[in-house]
Amino acid sequence: MLQPEALDILKMGKNVFLSGPAGSGKTHVLNEYVKYLKSHAVDVAVTASTGIAATHLGGQTIHSWSGLGVRDTLSNRDIDDMMQKQYLYKRFDRTKVLIIDEVSMLHHFRLDLIEWICRQMKHNERPFGGMQVVLSGDFFQLPPVTRNEIIESEFAYKGNSWQDAGLTICYLSEQHRQKDNAYLSILNQIRQNSVSQKTIELLKTRLHKDSEDEGQTTKLYTHNIDVDIINDRHLGLIKEKEKSYEMTWRGSPALAKALKKSCLSPEKLKLKKGAKVMFTKNDIDGGYVNGTLGVISDFNKFGDPIVRTGSGMTFHVLPQSWRIEEEGKVKAEIKQLPLRLAWAITVHKSQGMSLDAMEVDLSKSFVRGMGYVALSRVRSLEGMKLLGFNDMSLEVDPEVLSRDREFRDMSDDAVADLKEMFREEIIEAQKVWMKKIEPEEKIKIKKKEKEENQITKKSTQEITAGMLKQEASLEDITKARALKQETIVSHIEDLMAEKNCPDITYLKRELKRSELDDILSAFKKTGATTLSPVYNLLTTQKKKPSYLKIRLARLFLEK
């Protein structure tokens with residue numbers, strides 16, 4: 001199936017499984033469909049099974065969007081609690097289209113749980129609560145990671161929700177990443193479980209041979225320990241002052257230990273100016289997501305790292321929280337900068353990337369499909385430096401191979417059905433679907449509102465500065481702007497850095513005099529301008545100010 005044919009089917013409102021080999025343009029088709037929906041003012045949820053996959057669509061994880069989180073099971077009480085969360089209820093109420101990318105990494109039981117949540121939150125017993133659902137992925141990619149040995153895990157296509165959704169299969173057949181025919185042949189042979197001796201010899205020609213674009217090489221390894229060794233070595237080569245950031249925690253020791261294990265940020269994070277980094281958490285204000293790559297361009301006067309991403313955006317990075325909650329109470333919480341070093345990354349984290357040059361070691365491959373994922377990241381054979389490979393790295397799952405043939409046949413049937421329709425019929429079907437999910441009058445209203453907002457729009461810091469001039473309290477500013485207090489404090493820090501901040505002396509009233517004195521004294525004793533050392537010192541003194549209060553007090557440090 002060609003990309004325009006897949007888009008035609010999507011625009012008719014059909015539930016779809018969009019698949020195809022690595023580099024066939026699945027993400028491009030999804031982005032084009034999202035653009036189309038937004039141009040018609042349709043509310044679409046753009047999600048993925050992992051944070052790194054979500055980066056390619058500008059979305060968030062399906063676990064976060066749906067409210068499922070890390071849970072493996074749900075009770076009726078859990079659903080009731082979710083319905084009480086107004087933001088979550090409104091999210092489902094307005095969403096007409098749900099996209100889940102990299103569905104191959106989603107356990108079948110989690111897809112079923114997400115589908116159940118959709119029906120309950122939408123008060124609609126049709127599959128996925130009546131929303132159009134678009135699943136995308138390639139089951140030759142890496143399978144779901146299983147952490148719960150009690151619950152049996154299968155690929156998503158084994159889920160009841162997959163069968164009930166009545167999915168039209170759109171299997172993309174063109175190749176847009178690799179233009180090297182010899183390399184395409186290698187990938188296709190791996191994908192078909194028919195690797196020849198000639199192909200093995202061809203791969204061996206890249207053993208320990210530098211790529212043509214060595215300066216931009218990304219290093220891929222199968223295990224985290226190898227990734228850590230490479231990253232520590234590169235950090236040591238930078239002749240800049242090293243800064244360390246310690247993870248803090250509170251609550252149940254056992255639960256905190258589990259959080260630390262699942263968190264991608266290390267307990268002790270070492271950074272230098274010039275270090276390559278990857279974000280490990282989604283930003284609540286939408287600036288970055290888990291998997292965004294960047295470089296430490298500097299550290300601000302408070303010691304917080306400043307990261308410049310590949311897209312040119314700059315962030316003053318502050319500690320983020322990972323927590324476990326039950327019945328509205330925090331049972332355990334850890335805090336750390338949402339960063340990790342990224343000269344090298346694991347094969348798992350590379351899924352969805354397109355690379356000009358890579359160095360890869362597949363000698364420790366431990367699951368079928370790992371080699372295919374890694375090798376299909378790079379655009380040509382000459383762009384790869386191979387450090388080693390084993391038999392497992394050239395294998396794919398026989399069950400997936402059989403299922404893939406079925407998907408191809410079903411996709412061919414979908415193309416045949418589409419070609420039986422006149423172009424006018426296709427366009428009319430698309431118009432009918434669009435009218436069904438978003439009345440034309442609502443589209444006009446939304447477009448008008450968007451145009452008016454563009455005319456009157458000010459920068460978010462300017463709006464905050466205006467309210468500070470009026471000596472509005474933090475609570476009043478956050479209520480008026482529908483933002484968190486942490487975000488307003490970030491605005492103040494930016495305004496101070498730009499020397500455009502109004503007099504904020506009045507904000508000292510936000511803290512008790514004793515609190516302000518204790519925090520400023522702790523900054524003086526530690527000699528630090530970062531938050532963690534001050535938080536740790538005050539905690540040992542049995543004083544537990546929040547990170548927000550420490551940040552607020554930091555605004556009044558003597559320059």
Degrees separating the helix 224-237 axis from the principal Cα axis of the chain, which is the longest one: 50
Members of K35/K85; K14/K484; K158/K484; K260/K542; K239/K469 lying beyond 32 Å, as alpha-carbon distances in this model show: K14/K484; K158/K484; K239/K469
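Pick out, in residue order, every one of the chymotrypsin sites (Phe, Trp or Tyr not before Pro) in the range 333-402 that is DSSP loop and has at most 14 other C-beta atoms within 10 Å; say none if there are none.
Numbers: sites: W343, F366, Y372, F389; in loops: W343, F366.
Counting only loop positions with at most 14 other Cβ atoms within 10 Å, the chymotrypsin sites (Phe, Trp or Tyr not before Pro) in the range 333-402 are F366.
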Whole-angstrom gap from the range 461-485 to the range 78-128, using each part's C-alpha centre: 34
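If you count only protein heavy atoms with a 1.4 Å probe, what accessible area per residue comes out for the chain, rounded to a whole Å²? List each step's numbers first, then the result.
On the way: 27630 Å² over 559 residues.
That works out to 49 Å² per residue.
Report the charge-dipole magnitude of the chain in Debye, nearest 20, computed about the Cα centre from +1 at each Lys and Arg Cβ and -1 at each Asp and Glu Cβ. Numbers along the way, then the final one.
Details: 87 positive and 79 negative charges, 469 e Å.
It comes to approximately 2260 debye.
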Folded to 0 to 90 degrees: helix 423-437 orientation relative to the chain principal axis, Cα: 30
Computed E for K543/K331 - FRET, C-beta separation, R0 22 angstrom, nearest 0.05: 0.45
Among A429, G236, G310 - extreme Cα towards positive end, dipole of the chain, charges at beta-carbon: G236
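Where Rh denotes the Kirkwood radius from the mean inverse Cα pair distance, what is Rg over Rh for the chain? Could you put the intermediate results ahead of the total?
Working: Rg = 25.5 Å, Rh = 26.0 Å.
Radius of gyration over Kirkwood radius for the chain works out to 0.98.
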Using alpha-carbon coordinates, inclination of helix 181-191 to the longest axis of the chain, degrees: 90
Mean Cα-pair separation over length for the chain, i.e. relative contact order, pairs under 8 Å, 6 or more apart, %: 16
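The values are calculated or read from the model by the stated rules, or taken from the named source; none is laboratory data. Keep in mind that this is a model prediction, so the values were computed, not measured. Methodologically, a virtual Cβ is constructed for each residue, glycine included, from the backbone with ideal geometry; neighbour enumeration extends over all protein chains shown. Keep in mind that these areas ignore ligands, DNA and RNA; they rest on the heavy atoms of the full protein, side chains included. Shrake-Rupley method; radii C 1.70, N 1.55, O 1.52, S 1.80 Å.
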